[in-house]
Amino acid sequence: TVLTLELGLLLEIPVARIAILGVIKALLPGEDKALLRLQVNFLGVIDFENKYISFDASLYDSRLLTFTLAGDMAFRLSWGEQPVFILSVGGFHPAFREAPGDLQNMTRLTLSLLSGSNPRITIQCYFAVTSNTVQFGARAELYAAAAGFNVYGFIGFDLLFQFDPFKFIAAFAAGLALRRGSSVLMGIRVSGELSGPT
C-alpha cells in the first residue's frame with residue numbers, strides 16, 4: 001500500500017455545515033523500505049450558511065530518507081460580504097499582517113538534515129498566495145556547539161508582491177558567528193532590502 005486515508009465526516013443540520021477530518025499516509029516506494037514517509041493530519045470545514053471554506057493540515061512523524069519533515073498548510077475561502085482567498089504552505093512573509101489570527105504562527109515547511117539539537121542543520125521555506133499578494137521565502141540554519149562555544153550561521157530571503165496598489169519587498173540576510181553561550185565573540189552579518197516601486 002502506497003497511500004492510506006482515514007476519514008471522518010461530520011454533518012451539522014440545519015446549519016448546513018460539513019467537517020471532514022482525518023489522516024493521510026504516503027509511504028514510498030513501500031511500507032517496508034519507505035524512502036519518503038508523509039503523514040498528514042487534516043481538518044476541512046465547509047460552512048454554507050456563512051459562505052466559508054477552511055482547510056488545515058500538519059505534517060507529523062514524517063521524513064525523507066533519514067531527514068525529519070515538518071510544516072503546516074492552510075486554505076481559506078469566503079464568498080460572502082467580505083471575500084477572502086488564502087493559500088499557504090509554511091506561513092507568510094514577516095511583513096504580511098493581514099493573515100487571520102489562527103494562521104499567524106504556522107510552522108514553516110522544515111527539513112532537518114541532522115537529527116537532534118547539536119549539531120543541527122535545518123532548511124525552512126514557505127509559499128503563500130492571497131487575493132492580493134504572492135509571497136515566498138526560505139532560510140537555512142547551522143548550529144554546532146562544544147566546550148561552551150558554538151557556531152551559528154544562517155542564510156535566507158523573503159519576497160512579497162502586492163498587486164493593488166502594486167508594491168514589493170525583497171529582503172536577504174546571511175550571517176556566521178562564533179559565540180560563547182549567546183555572546184558573540186566574532187561574526188559577520190550581511191543584510192539588505194529592496195522595496196518599490198518608488
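Miscellaneous remarks
- Close amide H contacts of residue 91 (hydrogens built in the peptide plane, cut-off under 5 Å, sequence separation of 5 or more or a different chain): 127.
- Of the Cα atoms belonging to the range 1-155, the radius of gyration and Dmax stand at 18.8, 65 Å.
- Accessible-area composition of the chain, carbon plus sulfur, in percent [1.4 Å probe]: 63 percent
- Pair residue 51, residue 87: separation of 7 Å Cα→Cβ label points (nm): 2.1 nm
- In this rough spin-label picture, where each label sits 7 Å from Cα along the Cβ direction, the residue 28-residue 118 distance is 3.7 nm.
- Separation in nanometres of the label points that stand 7 Å from Cα toward Cβ, at residue 188 and residue 20: 5.2 nm
- Cα shape, the range 104-198, gyration tensor, a/c 1.5 rule: oblate
- Most to least accessible of 168, 161 (protein chains only, probe 1.4 Å): 161, 168
- If you take the Cα centroid of the range 38-116 and the Cα centroid of the range 140-198, the two points sit 24 Å apart.
- Solvent-accessible area per residue in the range 106-198 equals 60 Å², computed with a 1.4 angstrom probe and all protein chains kept.
- Computed from backbone phi, the HN-Hα couplings of the range 44-57 come to x, 10, 10, 10, 6, 5, 8, 6, 8, 10, 9, 8, 10, 8 Hz, rounded to whole numbers (Karplus: 6.51 cos²θ - 1.76 cosθ + 1.60, θ = phi - 60°; Gly and Pro given as x).
- Cα-based shape type of the range 11-94, given that a ≥ b ≥ c are square roots of the gyration tensor eigenvalues and the cut on a/c is 1.5: oblate
- With the cut-off at under 18 Å, measuring from each backbone N in the range 107-129 to a point 7 Å along the Cα-to-Cβ line of residue 65 picks out 110-116, 119-124.
- Charge dipole (debye, nearest 20) of the chain; +1 at Cβ of Lys and Arg, -1 at Cβ of Asp and Glu: 820 debye
- The range 1-135: relative contact order as a whole-number percent, Cα under 8 Å and 6+ apart: 16 percent
The values are calculated or read from the model by the stated rules, or taken from the named source; none is laboratory data. Just so it is clear, the structure is predicted and the values come from calculations on it, not from any experiment. Backbone-built Cβ (ideal geometry, glycine too); neighbour counts: all protein chains shown. Just the protein is used for accessible areas: all its heavy atoms, side chains included, with ligands, DNA and RNA removed. Shrake-Rupley method; radii C 1.70, N 1.55, O 1.52, S 1.80 Å.
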